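Undergrad: There's a structure below that I have some questions on.
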Amino acid sequence: MKRVCDVGAALVLVFACTTRLNAQASSTPEETRPLVLTEAIPLENIKGRFDHFATSGRKLFVSALGNNTVEVIDISGRTLEHTITGVPNPQGVVYAPEANKLFVASSKGKLYIYDGTPFDLITAIDFHGDVDNLRYDAANERVYVGYGDEETAAIGAVDATTNKRIEEEYKLGAHPESFQLETSGPNIYVNLPDLKQIAVINRTTHAITGYSLARTNQHAWLCSTRSRVTWSPRFPAFRTPMTCTMTPRANGFTWQAEKVLSTRFNKRIQTSTSSWPRFLRR
């Protein structure tokens with residue numbers, strides 16, 4: 001992943017307190033605190049920066065990219081349980097509960113597969129390119145792998161039960177910086193910042209449709225909720241955070257942008273919504 005954040009010597013776990021949320025239901029927006037920091041887990045020997053996270057429900061898996069390790073944290077005990085070494089520049093990480101396996105991507109071009117209990121290495125698959133984002137399809141027990149650059153860039157697939165790469169592959173023409181699987185449909189939504197596009201892959205027909213981003217920079221995140229895709233582009237010229245939503249329609253897509261403005265003095269958040277029918281174009 002090209003964009004990562006520097007972190008200190010502690011991993012901060014944030015938990016939502018349900019009882020507190022209920023108590024605050026009638027409070028004003030300024031006073032509402034949906035997430036409450038409970039504690040921090042020290043990782044004093046970890047150097048550099050973190051990239052992706054994943055969870056099994058009981059364990060948190062952290063790609064410590066700058067340390068060339070994957071840290072396994074016991075969530076209930078709030079302790080560092082295990083450290084996986086031997087993965088150069090770990091990036092994407094995903095856990096497959098049905099197979100009890102952990103998949104770790106490396107920018108050096110390989111996908112590493114580990115047993116999910118003792119964390120022994122099972123095998124490594126060479127994709128011959130920057131292996132970055134990973135997504136797990138539980139229904140089909142497949143791990144989708146974003147990798148490569150330019151002519152080698154694609155999303156491939158690995159069978160989580162056999163640990164073998166399968167023929168399913170989608171050539172994209174640029175590195176897939178982020179992608180999400182549709183939760184109740186065949187689509188994969190892919191962010192292609194080098195092309196300034198959002199690509200929509202239909203896994204049933206294998207059709208790939210690109211939608212140009214007319215006003216965005218290189219970095220964005222995507223999330224798929226029902227039939228909507230949301231991403232957050234940044235505008236360097238204006239330094240204004242934006243949240244954009246793309247909703248499928250019979251004749252294509254409609255898009256909506258929400259601008260989030262923060263006031264430096266009173267720390268209040270103001271939002272305004274506007275429709276930009278030409279923000280994206282096919």
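The values are calculated or read from the model by the stated rules, or taken from the named source; none is laboratory data. None of the values given here were measured: they were computed from a predicted structure. Note: ideal-geometry Cβ built from the backbone for every residue, glycine included; neighbour counts use all protein chains shown.
One line per residue, one yes/no per condition, for (1) hydrophobic (A, V, I, L, M, F, W, C); (2) under 16 Å from the mean Cα position of the chain (by Cα):
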| position | (1), (2) |
| --- | --- |
| ARG78 | no, no |
| VAL87 | yes, no |
| LEU111 | yes, no |
| PRO118 | no, no |
| TYR147 | no, yes |
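Undergrad: Same structure again: Answer with yes or no whether VAL93 is under 20 Å from ASN163 (Cβ atoms) and among the aliphatic types (A, V, I, L, M).
TA: Yes; evaluated as a whole, the condition is true for this residue.
Undergrad: Just wondering, is there one or more residues in region 176-190 that are touching a strand residue (DSSP E or B) at 6+ places or on another chain (Cβ under 6 Å), under 16 Å from HIS128 (Cα atoms) and not polar (S, T, N, Q)?
TA: The answer is yes; a qualifying residue exists.
Undergrad: Please state which of the following conditions ALA157 fails to meet, knowing it meets all the rest: (1) closer than 22 Å to ILE84 by Cβ; (2) modelled with pLDDT of 95 or more.
TA: Looking at each condition in turn, ALA157 falls short on (1).
Undergrad: Return only the number of the condition from (1) surrounded by 14 or more Cβ atoms within 10 Å (Cβ to Cβ); (2) touching a helix residue (DSSP H, G or I) at 6+ places or on another chain (Cβ under 7 Å); (3) farther than 30 Å from GLY185 by Cβ that VAL36 does not satisfy.
TA: Unmet condition: (1).
Undergrad: Look through region 105-152, keep the residues that are assigned to a strand (DSSP E or B) and free of Cβ contacts under 8 Å to residues at least 24 places away in the same chain, and return whichever of them is surrounded by the most Cβ atoms within 10 Å (Cβ to Cβ).
TA: Filtering first and then ranking leaves LYS110.
Undergrad: Could you give every pair whose Cβ atoms fall below 7 Å, whose first residue belongs to region 92-104 and is touching a residue at least 24 places away in the same chain (Cβ under 8 Å), and whose second residue is of a type in the set (D, E, K, R), counting only separations of at least 6 or pairs across chains?
TA: Going by the 7 Å Cβ cut-off, the qualifying pairs are GLY92/ASP132; VAL94/ARG135; ALA96/GLU141; GLU98/GLU141; ALA99/GLU141; LYS101/ASP115.
Undergrad: Only residues in region 182-205 that are hydroxyl-bearing (Ser, Thr, Tyr) and outside any loop (DSSP other than H, G, I, E, B) count as the first member; pair them with residues that are crowded, with 22+ Cβ neighbours inside 10 Å and modelled with pLDDT under 90, Cβ under 6 angstrom, at least 6 apart or cross-chain, and list the lot.
TA: TYR189/VAL229
Undergrad: Quick check on GLY173: is it surrounded by 14 or more Cβ atoms within 10 Å (Cβ to Cβ) and at negative phi?
TA: Values: surrounded by 14 or more Cβ atoms within 10 Å (Cβ to Cβ): yes; at negative phi: no.
Against the criterion (surrounded by 14 or more Cβ atoms within 10 Å (Cβ to Cβ) and at negative phi), GLY173 does not qualify.
Undergrad: Select from region 153-167 the residues that are surrounded by fewer than 18 Cβ atoms within 10 Å (Cβ to Cβ) and either over 21 Å from the mean Cα position of the chain (by Cα) or touching a residue at least 60 places away in the same chain (Cβ under 8 Å) (or both) and list them in ascending order.
TA: Narrowing region 153-167 to residues surrounded by fewer than 18 Cβ atoms within 10 Å (Cβ to Cβ): 159, 161-167.
Selection gives THR161, THR162, ASN163, LYS164, ARG165, ILE166, GLU167.
Okay, residues lined up against (1) of a type in the set (A, V, I, L, M, F, W, C); (2) surrounded by 14 or more Cβ atoms within 10 Å (Cβ to Cβ); (3) modelled with pLDDT under 80; (4) at negative phi:
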{"site": "ARG3", "(1), (2), (3), (4)": "no, no, yes, yes"}
{"site": "ASP6", "(1), (2), (3), (4)": "no, no, yes, yes"}
{"site": "ASN68", "(1), (2), (3), (4)": "no, yes, no, no"}
{"site": "GLU71", "(1), (2), (3), (4)": "no, yes, no, yes"}
{"site": "GLY77", "(1), (2), (3), (4)": "no, no, no, yes"}
